[in-house]
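The values are calculated or read from the model by the stated rules, or taken from the named source; none is laboratory data. The structure displayed is predicted, hence computed values, not measured ones. With ideal geometry, Cβ positions are generated from the backbone for all residues, glycine too; neighbour counts draw on all protein chains shown.
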């Protein structure tokens, strides 16, 4: 299955004069089955990403089972909400960590640039 993008060219407020169909994004999509708490779901997945999606589903299933064991909640919807909150929290922590590391790297780059500029100025003075 592939997706096509249709581009309608409008002139004024009348009907389109031309219809141009562009094959802008051709993505093959496969359907795969994932298992969450013993229930099988069939979902669409871009070609080549099947293993990644299966791994994500397995991780989600593990998290939901752990929450069920800790809390004794058996309602799938509640377990899904709790798992979503946990994953959202973990994602937020990682984003903050990455932002902190990025800021630290930017500071180090600035320090390195300043050090190099200062060394070049000193070298130029000595050469004169």
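For the range 46-79, the set of residues classified as within 20 Å of the chain's Cα centre (by Cα), at pLDDT below 95 and either more than 22 Å from residue 31 (Cα to Cα) or outside any helix (DSSP H, G or I) (or both) consists of 46, 47, 48, 49, listed by residue number.
Among the residues of the range 19-45 satisfying the criterion of being over 22 Å from residue 79 (Cα atoms) and in contact with a helix residue (DSSP H, G or I) (Cβ under 9 Å, 6 or more places away or on another chain), which is modelled with the highest pLDDT? Out of the qualifying residues, it is 32. Does the range 85-102 contain at least one residue that is surrounded by 10 or more Cβ atoms within 10 Å (Cβ to Cβ), in a helix (DSSP H, G or I) and in contact (Cβ under 8 Å) with a residue 24 or more places away in the chain? Scanning the range 85-102 turns up at least one residue that is surrounded by 10 or more Cβ atoms within 10 Å (Cβ to Cβ), in a helix (DSSP H, G or I) and in contact (Cβ under 8 Å) with a residue 24 or more places away in the chain.
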